[in-house]
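**Student:** Below: one structure in structure tokens.
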Amino acid sequence: MLKKSLISTAVAAALMVPALSAFAADAAPAAEAAPASPHTFTANVTLASEYIYRGIAQTRGNPAIQGGFDYSHASGLYAGTWASSISWLGDTAAASGAGMEWDIYGGYKNSFAGGDWNYDVGVLTYNYPGHYAAGIPRADTTELYGQIGYKWLTLKYSHVVSSHIFGWTSTTGGKTDGSGYLDLSGSYDLGNGWGVAAHVGHQRIKDRATASYSDWKLGVTKDVGFGVVGLAYTDTNAKDTCSKGEDYCLGGYEAGKGTAVLSFTKTF
């Protein structure tokens with residue numbers, strides 16, 4: 001995180017003539033420290049060797065640039081937006097010009113039981129602007145989510161309330177609202193800037209069992225002072241040979257195969 005240092009006015013005061021300093025102290029009460037602001041704003045940018053989401057490749061093995069802005073309030077309310085380059089919609093010919101994923105989210109989170117336990121509830125919309133082929137549902141998706149955490153472990157469930165999830169239809173061509181994703185994740189601080197993280201999840205596509213799958217990830221991070229470097233390996237059981245046009249054969253690319261991802265993130 002970018003930090004700025006300010007020169008304290010106390011340095012100048014210490015250099016004043018003692019008699020003048022004493023006069024000033026008698027003439028006016030000591031200034032009180034300004035209360036801390038309840039508002040927090042942050043920004044982030046990431047360069048990644050590939051964009052993998054829930055174990056599925058979004059950029060066909062190519063690098064991605066990502067970034068976002070976040071606002072949080074001391075009460076626990078928060079909101080933010082995040083975007084990434086993608087290629088999977090164009091790869092599958094579902095849409096043209098859809099080279100970006102743009103997410104908008106907001107919710108409320110807090111802790112209890114001395115801070116060991118925490119919870120988070122909110123709503124997240126995934127937006128994929130572009131021109132879609134005739135008869136192809138838009139990939140735009142809205143999910144409600146709830147999360148419970150204990151220290152470094154979290155369990156989260158995301159439930160789709162939009163008509164479709166990422167453009168998927170049922171086996172009969174119907175809607176896929178009601179689909180869901182269950183995510184168990186853990187992250188642990190090893191000290192000296194090192195951290196490890198692990199995740200396992202299951203994506204259920206309503207009324208389309210062939211598109212439902214499980215994924216897992218194991219990674220390590222290192223804070224190098226001017227940013228955080230990450231290396232993770234992710235894999236799924238949604239493996240396809242692309243010989244029969246399987247669900248996760250995206251434009252001839254096996255999107256669910258095991259992949260190592262290198263990333264660098266800078267937070268401001």
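The values are calculated or read from the model by the stated rules, or taken from the named source; none is laboratory data. Bear in mind the structure is a predicted one, so any value in this text is a computation, not a measurement. Counting neighbours? That spans all protein chains shown, and the Cβs are built from the backbone with ideal geometry, glycine included. The protein model used for the area step is the full one, side chains on, heavy atoms only, and it has no ligands, DNA or RNA in it. Shrake-Rupley method; radii C 1.70, N 1.55, O 1.52, S 1.80 Å.
**Student:** If you work out Cα Rg over 2.2 N^0.38 Å from the coordinates, which of (1) 1.30; (2) 1.06; (3) 2.32 do you get?
**Tutor:** Only one option fits the structure, namely (1).
**Student:** Let me ask another. Rank these by accessible area, largest first, 1.4 Å probe: Asp240, Asp207. Could you put the intermediate results ahead of the total?
**Tutor:** On the way: Asp240 20, Asp207 95 Å².
So the residues, ranked largest to smallest area, are Asp207, Asp240.
**Student:** Compute the angle between helix 18-27 and the longest alpha-carbon principal axis of the chain, please, reported from 0 to 90 degrees and rounded to the nearest 10.
**Tutor:** 70 degrees
**Student:** Here is a further query. In region 107-153, what trypsin sites (Lys or Arg not before Pro) fall in a loop by DSSP, with at most 16 other Cβ atoms inside 10 Å?
**Tutor:** On the way: sites: Lys109, Arg138, Lys151; in loops: Arg138, Lys151.
Passing sites in region 107-153 are Lys151.
**Student:** Could you sort Asp120, Asp140 by their accessible area in this structure, using a 1.4 Å probe and putting the largest first?
**Tutor:** Solvent-accessible surface, decreasing: Asp140, Asp120.
**Student:** Right, something else. Using a simple spin-label model with points 7 Å from Cα along the Cα→Cβ vector, what separation in nm is obtained for Ala43 and Ser170?
**Tutor:** 4.5 nm
**Student:** Determine the per residue accessible area of region 83-223 with all protein chains present and a 1.4 angstrom probe, expressed in square angstrom.
**Tutor:** I get 51 Å² per residue for this part.
**Student:** Name the aspartates and glutamates eligible as straight-distance cross-link partners of Lys239: C-alpha to C-alpha under 14 Å, and not fewer than 8 places from it in the same chain.
**Tutor:** Correct list for Lys239: Asp215, Asp247, Glu254.
**Student:** Averaging the inverse of every distinct alpha carbon separation and then flipping it gives the Kirkwood radius. What is it for region 47-157, in angstrom units?
**Tutor:** Evaluated on region 47-157, it is 15.8 Å.
**Student:** How would you classify region 111-174 from its alpha-carbon gyration tensor, with a ≥ b ≥ c the square roots of the eigenvalues: rounded for a/c under 1.5, else prolate if a/b is greater than b/c, otherwise oblate?
**Tutor:** Details: a/c = 4.47, a/b = 2.94, b/c = 1.52.
The shape class here is prolate.
**Student:** Could I ask something else about it? Okay, helix-only estimate at 222 nm for the chain: each DSSP H run of n ≥ 4 adds -39500 (n - 2.57), divide by all residues, round to 500 deg cm²/dmol; what do you get?
**Tutor:** -2000 deg cm²/dmol
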